[in-house]
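Engineer: Starting off with a structure, shown below.
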Amino acid sequence: MKIQGRIIKIGETQQVSDTFKKRDFVVEYTENPQYPEYISFQLIQERCMLIDSFKEEDTVEVSFNLKGRKWIAPDGETKFFNSLQAWRVEKNNDYHNNINHQAEKSMTTEEDDLPF
């Protein structure tokens with residue numbers, strides 16, 4: 001899966017255990033410019049460095065896998081977790097042009113719906 005968006009937060013790499021590390025980042029995704037979505041991604045292991053060359057406000061295309069896990073808590077309750085594991089992050093300079101075009105198109109459509 002892929003989405004395009006603007007990085008709004010980059011977290012630090014966290015060493016969860018001796019053999020596991022992860023790093024989170026958040027992308028503003030604006031399929032509908034009036035209602036942006038904030039999508040949290042996770043990088044794991046050697047992929048934690050994929051975001052090193054980026055900064056907040058950069059526009060990117062993120063390739064990711066949807067992951068789901070089942071966990072049984074110490075009290076016996078079964079819980080389920082989902083995560084979006086990014087495996088590629090690429091610069092996308094065309095993103096703002098696409099968003100501006102969508103916003104202009106939306107405004108044009110609204111004006112055409114006027115009753116007079």
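Engineer: Which residues, taken from the stretch 54-76, are surrounded by 10 or more Cβ atoms within 10 Å (Cβ to Cβ) and in contact with a Ser or Thr (Cβ under 7 Å, 6 or more places away or on another chain)? Walk me through how you get there before you give the answer.
Structural biologist: Just the residues of the stretch 54-76 that are surrounded by 10 or more Cβ atoms within 10 Å (Cβ to Cβ), to begin with: 54, 56, 58-65, 67.
Result: Lys67, single match.
Engineer: Can you run down the residue pairs with Cβ atoms below 8 Å, 6 or more apart or on separate chains, where the first is in the stretch 53-77 and at positive phi and modelled with pLDDT under 95 and the partner is surrounded by 12 or more Cβ atoms within 10 Å (Cβ to Cβ) and among the aromatic types (Phe, Trp, Tyr)?
Structural biologist: The qualifying pairs do not exist here.
Engineer: Tally up the residues in the stretch 1-14 that are free of Cβ contacts under 8 Å to residues at least 40 places away in the same chain and either over 15 Å from Glu46 (Cβ atoms) or loosely packed, with under 11 Cβ neighbours inside 10 Å (or both), please. Before the answer, list the steps.
Structural biologist: Step one: of the stretch 1-14, the residues free of Cβ contacts under 8 Å to residues at least 40 places away in the same chain are 11-14.
Then keep just the ones that are either over 15 Å from Glu46 (Cβ atoms) or loosely packed, with under 11 Cβ neighbours inside 10 Å (or both); that gives 11-12.
Residues in the stretch 1-14 being free of Cβ contacts under 8 Å to residues at least 40 places away in the same chain and either over 15 Å from Glu46 (Cβ atoms) or loosely packed, with under 11 Cβ neighbours inside 10 Å (or both): 2 in total.
Engineer: Going by the structure shown, is Glu90 in a strand (DSSP E or B), crowded, with 16+ Cβ neighbours inside 10 Å, in contact with a strand residue (DSSP E or B) (Cβ under 7 Å, 6 or more places away or on another chain) and not aromatic (Phe, Trp, Tyr)? Reasoning before the result, please.
Structural biologist: On the way: in a strand (DSSP E or B): yes; crowded, with 16+ Cβ neighbours inside 10 Å: no; in contact with a strand residue (DSSP E or B) (Cβ under 7 Å, 6 or more places away or on another chain): yes; not aromatic (Phe, Trp, Tyr): yes.
Here the answer is no, as Glu90 does not meet what is asked.
Engineer: If we keep just the residues of the stretch 33-44 that are touching a residue at least 24 places away in the same chain (Cβ under 8 Å) and more than 15 Å from Phe81 (Cβ to Cβ), which is farthest from the chain's Cα centre (by Cα)? Outline the logic, then answer.
Structural biologist: Residues of the stretch 33-44 that are touching a residue at least 24 places away in the same chain (Cβ under 8 Å), as a first pass: 33-34, 38-44.
Those left that are additionally more than 15 Å from Phe81 (Cβ to Cβ): 33-34, 38-39, 43.
Details: Pro33: 15, Gln34: 17, Tyr38: 7, Ile39: 4, Leu43: 11 Å.
Residue satisfying both the conditions and the ranking: Gln34.
Engineer: Which of the residues belonging to the stretch 19-34 are surrounded by fewer than 12 Cβ atoms within 10 Å (Cβ to Cβ) and at pLDDT 95 or above? Quick ask: steps written out before the conclusion?
Structural biologist: Our first condition is that a residue be surrounded by fewer than 12 Cβ atoms within 10 Å (Cβ to Cβ); within the stretch 19-34, this holds for 19-20, 32, 34.
Selection gives Thr19, Phe20.
Engineer: Having 2 or more residues that are of a type in the set (A, V, I, L, M, F, W, C) is the bar; report the strands (runs of 3 or more DSSP E) wholly within the stretch 4-70 that clear it.
Structural biologist: Details: elements: 14-17, 20-29, 37-44.
Result: 20-29, 37-44.
The values are calculated or read from the model by the stated rules, or taken from the named source; none is laboratory data. The structure displayed is predicted, hence computed values, not measured ones. As a convention, Cβ positions derive from the backbone with ideal geometry for all residues, glycine included, and neighbour counts pool all protein chains shown.
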